[in-house]
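To start, the structure under review is shown below, and the notes come after it.
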Protein chains: 4
Amino acid sequence: MIQPGTLVMLVNKKGKTYFRTVQETGDIHTNEGVISFEQILEKDFGQTISTHLGKTFYLLRPTLYDLIKSVKRKTQIIYPKDIGYILLKLNLGPGQTIIEAGTGSGALTTALAFVVGQEGKVFSYEQREEFSLLAKENLKRISLDTRVEFIHQDIKEGFQQQGVDAIFLDVRTPWEYLQQAYVALKPGAPIGFLLPTTNQVSTLLAHLEQNSFFGPQVTEILIRHYKPVPERLRPTDQMVAHTGFLIFARKIETQ
Amino acid sequence: MIQPGTLVMLVNKKGKTYFRTVQETGDIHTNEGVISFEQILEKDFGQTISTHLGKTFYLLRPTLYDLIKSVKRKTQIIYPKDIGYILLKLNLGPGQTIIEAGTGSGALTTALAFVVGQEGKVFSYEQREEFSLLAKENLKRISLDTRVEFIHQDIKEGFQQQGVDAIFLDVRTPWEYLQQAYVALKPGAPIGFLLPTTNQVSTLLAHLEQNSFFGPQVTEILIRHYKPVPERLRPTDQMVAHTGFLIFARKIETQ
Amino acid sequence: MIQPGTLVMLVNKKGKTYFRTVQETGDIHTNEGVISFEQILEKDFGQTISTHLGKTFYLLRPTLYDLIKSVKRKTQIIYPKDIGYILLKLNLGPGQTIIEAGTGSGALTTALAFVVGQEGKVFSYEQREEFSLLAKENLKRISLDTRVEFIHQDIKEGFQQQGVDAIFLDVRTPWEYLQQAYVALKPGAPIGFLLPTTNQVSTLLAHLEQNSFFGPQVTEILIRHYKPVPERLRPTDQMVAHTGFLIFARKIETQ
Amino acid sequence: MIQPGTLVMLVNKKGKTYFRTVQETGDIHTNEGVISFEQILEKDFGQTISTHLGKTFYLLRPTLYDLIKSVKRKTQIIYPKDIGYILLKLNLGPGQTIIEAGTGSGALTTALAFVVGQEGKVFSYEQREEFSLLAKENLKRISLDTRVEFIHQDIKEGFQQQGVDAIFLDVRTPWEYLQQAYVALKPGAPIGFLLPTTNQVSTLLAHLEQNSFFGPQVTEILIRHYKPVPERLRPTDQMVAHTGFLIFARKIETQ
């Protein structure tokens, strides 16, 4: 049975989705009628719930994918298609430590906190306090905030950590912080970047080698969704054409 | 300092890569000369090593991305671009349990074992014993085999587990095993599939709803690599155009 | 100097575009003020014109690309990205004859009429009269209507022509008209199809060989636009993910 | 019946293709046996021919697509996917005049000569004489050489024509020739470019506006082929990821 404090997802057949932290009492107003928390507290995940209008919703536990999509945002967020790949390239799993900057709305932070587990740690830097607070709230809602240290500081001054397992920089001019990143990273460890323009990619590539980062890889990931109709299978009409270029490299010994 | 038994990666400037488990003694023959394990045992990750011909290699710790790429294979493997997305959609992180079938060469198994951590568990089904053995060897090499139970069984007979957090089926006719998957899955939990042809996708979609799996999503992920040359930035000439379609759904209560 | 009756294009710096057939007198109301036809009659292509609010528009001759984009439509039109490829695959140039069905709004008809020249001919079949009339109007506006014969007939009854150089079928169930197409086509000549779903493609492929059409090719064409800003070059955020699959084959001798 | 001097295409079921200009006598050696020209002279397009080993080939008239693909090349050629779009954007049809530089192996030249017809003209500039000669030979083989004037000259000295309907520059540093192109183009007329790197695109964009070229559009076109098997429809494994970026603009009045 669902417990109070649990984050749940209500989805109807058309895919309309509501995320709510379950309360002892109160109502959820959907586009197809009202569902009460009392109803939810009597259910398990995977079950159906009817609104007061008799419309059906499914009660589901959000996956990491859903959590990322549900982040309350004041900024552009990093997309799941990119996050999945970032996790593999940065070798993120249970027990790892990682620095990210900037925090933004906390979409990537959510994924990082999820995969590093209780033994891992995310150090998330952000200059604009309103974003730090928003991200903290987003992480708190899903009980992952204890795995994250939100740091409200200009990274030009350097990072407070040393020997971290990976760094991800989602900032406008990452080439200005390569020395700071170099100091904070464990030898041989991976670093990643997200940049929207080709000009930024060129500038970053030119700086990476000079700063003892090896083996740069530049990629972009495209995702195409299909309308899931068995007898009329076809891609959707529109797709996201660009989020950003992903760049990865490794810290190597200065020669 | 690198310890014997560690899996290391040697990479030169052109990207030529060698994976080796470090021994007390012996040689690694590269295309640019010989490196001895004794040399490696005196180094740390991120440092350079010279071959007997004076050529430089970097000594790196493989990331999850590298581990997947380095899997010894007798089958087509699932690509990192797809694996990253699968992890998010299946909500895989520390402590989760997952069933996969078939094991194949163990590329996805590697990623699953990596992210579920020591508290998690992967149940990997495979009918052809030679693949089970190959995958087990691949996982043993990176000390992740203890997190995996390799099961050599026809999944038509059903799965031995119940209440698992997720299932991934990479088999030719997954619609034949939906009831078995339904029984094994925790209510509300996600299931994923990889299928190469559109006909298979149509057939699967037609079966999913009948078997109480909700909210099917069909996607494909494309990755495009760029030549990382700052002053001549451009996509590579060729790319992988297709690995497979990814399909995801959720187990819901039978009504 | 621009003559009355000429189709012109007015474009401002933001890309806002107006197509008009030049009259002796009258006004064009743009989003940035009014331009009179008298002003246009004093200008040449490539020159600027000011609205009564002092805003600048460029006076341009529409290219084939612009003509296709400017078609007044009541249906989904075939996109330039697809049309360009269709022209090459169907070998369309001066003097060729082609059958198309259905006419739709006349976007492809426009391109066909343009490239076959005054010696060529387009036979355009359409069952719904309102579309035939709309397309005829679209072609008349650009003085290409004399190259097209609009035929308002069910193609199940067959085509009225024989020995045409190419056929293009943009209809829902093209496999029902393959025999009719076979009769109308010159031996060895190419035929093309546009189909939105994978199921339709499979059905068509199954029928092509049975009807003595050889060498089927299935493709899709994706176009990605970039924001043309030199110092911040990047793809646009969204793109068209799917218009349809293009299928091509050749009529061969029945054995 | 096929006449001597005709360019024909022989294709077998696997898609293996041979292009030959039909002679009075002689043999064609295929991978599945020999076909004589005498056999071909007794056939029509669309018919089958047997090799001396009893293997079947189809006798087909090459389409513009095939002609482009069959160009004998010493350079990278422009692909059909790009050429189709170029034709639309440059408004090329019967009677038009166009300048292209450089000629290269003549793939684009082939398409241009094809579509401008007997009343049109292609002025094709190339500095390296061996390419001019190769392209001329390629065009002669398909009897389109009379529509092309091959000019062996450095375009820095300017173009010999004025008032042409369009220009296409496939050269490394097109921004060095914008003034020359401006002089040669009809007012308002379109100009196109193909460039492989993002850096070149940025440089070109920065120069276009300064040289009174309006409305730059930057695109890239991707083509994805499918295995044409009805019951196992799927994209091919590999695809061309990049040929070049296409850039288009218009000559406008200098203010």
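The values are calculated or read from the model by the stated rules, or taken from the named source; none is laboratory data. Given the structure is predicted, the values throughout are model-derived calculations rather than measurements. A quick note on method: Cβ atoms are made from the backbone with ideal geometry, for glycine too, and the neighbour counts reach across all protein chains shown.
The table for this structure:
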item: Single residue of C:LYS55, C:LYS89, C:LYS72 found to be in contact with an Asp or Glu (Cβ under 6 Å, 6 or more places away or on another chain), touching a residue at least 24 places away in the same chain (Cβ under 8 Å) and of a type in the set (Lys, Arg); result: C:LYS55
item: Candidate set: region D:105-132, residues that are more than 22 Å from D:TYR182 (Cα to Cα) and among the small types (Gly, Ala, Ser); chosen: the one nearest to the other protein chains (Cβ to nearest Cβ); result: D:GLY117
item: Region A:94-104: number of residues that are in contact (Cβ under 8 Å) with a residue 60 or more places away in the chain and either facing another protein chain (nearest Cβ under 7 Å) or outside any loop (DSSP other than H, G, I, E, B) (or both); result: 5
item: Among the residues listed as A:ILE77, A:ILE83, A:ILE40, A:ILE35, the single one being of a type in the set (A, V, I, L, M, F, W, C), out of contact with any strand residue (DSSP E or B) (no Cβ under 7 Å at 6 or more places or on another chain) and at pLDDT 95 or above; result: A:ILE83
item: Yes/no for C:GLY102 being at pLDDT 95 or above and in the same structural domain as C:ILE151 (by TED's automatic domain parsing); result: no
item: Members of region D:214-224 found to be within 12 Å of chain A (Cβ to nearest Cβ) and under 22 Å from D:GLU100 (Cα atoms), listed by number; result: D:VAL218, D:THR219, D:GLU220
item: Residue match in region A:49-58 (condition: crowded, with 21+ Cβ neighbours inside 10 Å and either modelled with pLDDT of 95 or more or within 19 Å of A:LEU7 (Cβ to Cβ) (or both)); result: yes
item: Residues located in region B:164-175, provided they are among the acidic types (Asp, Glu) and either more than 14 Å from every other protein chain (Cβ to nearest Cβ) or touching a Pro at 6+ places or on another chain (Cβ under 6 Å) (or both); result: B:ASP170
item: Region B:224-247 residues that are under 15 Å from D:MET239 (Cβ atoms), paired with ones that are of a type in the set (Val, Ile, Thr) and surrounded by fewer than 16 Cβ atoms within 10 Å (Cβ to Cβ) (beta carbon under 7 Å, 6 or more apart); result: B:HIS225/B:THR236; B:ALA241/D:THR236; B:HIS242/D:THR236
item: Residues located in region A:1-21, provided they are part of a loop (DSSP other than H, G, I, E, B) and touching a residue at least 12 places away in the same chain (Cβ under 8 Å); result: A:MET1, A:ILE2, A:GLN3, A:PRO4, A:GLY5, A:THR6, A:ASN12, A:LYS13, A:LYS16
item: Unmet requirement for C:GLY192, which otherwise passes all of (1) in contact with a Gly (Cβ under 9 Å, 6 or more places away or on another chain); (2) surrounded by 22 or more Cβ atoms within 10 Å (Cβ to Cβ); (3) under 22 Å from C:SER105 (Cβ atoms); result: (1)
item: From the options D:GLU24, D:GLU42, residue that is more than 8 Å from chain C (Cβ to nearest Cβ) and free of Cβ contacts under 8 Å to residues at least 24 places away in the same chain; result: D:GLU24
item: Residue within region B:48-66 that is more than 24 Å from A:ALA249 (Cα to Cα) and among the aromatic types (Phe, Trp, Tyr) present; result: no
item: Unmet requirement for D:THR254, which otherwise passes all of (1) surrounded by fewer than 24 Cβ atoms within 10 Å (Cβ to Cβ); (2) at pLDDT 95 or above; (3) over 24 Å from the mean Cα position of the chain (by Cα); result: (2)
item: Test result for B:PRO216, touching a Phe, Trp or Tyr at 6+ places or on another chain (Cβ under 8 Å), assigned to a loop (DSSP other than H, G, I, E, B) and over 30 Å from D:GLU220 (Cβ atoms); result: no
item: Flag if D:PHE248 is more than 7 Å from every other protein chain (Cβ to nearest Cβ) and in a strand (DSSP E or B); result: yes
item: In region B:62-93, residue nearest to B:THR243 (Cα to Cα) [restricted to those that are among the polar types (S, T, N, Q) and more than 10 Å from chain A (Cβ to nearest Cβ)]; result: B:GLN76
item: Of all residues in region D:225-238 being surrounded by 18 or more Cβ atoms within 10 Å (Cβ to Cβ) and facing chain B (nearest Cβ under 8 Å), the one that is farthest from B:ILE221 (Cα to Cα); result: D:LEU233
item: Restricting region B:136-158 to residues that are modelled with pLDDT of 95 or more and of a type in the set (Val, Ile, Thr), the residue that is surrounded by the fewest Cβ atoms within 10 Å (Cβ to Cβ); result: B:THR146
item: Residues that are in a helix (DSSP H, G or I), at pLDDT 95 or above and more than 7 Å from every other protein chain (Cβ to nearest Cβ), drawn from region D:188-213; result: D:GLN200, D:THR203, D:LEU204, D:HIS207, D:LEU208
item: Number of the exception - A:GLY46 against (1) assigned to a strand (DSSP E or B); (2) more than 23 Å from A:GLN161 (Cα to Cα); result: (1)
item: Count of residues meeting criterion [within 11 Å of chain C (Cβ to nearest Cβ) and either in a helix (DSSP H, G or I) or crowded, with 22+ Cβ neighbours inside 10 Å (or both)] in region D:176-187; result: 2
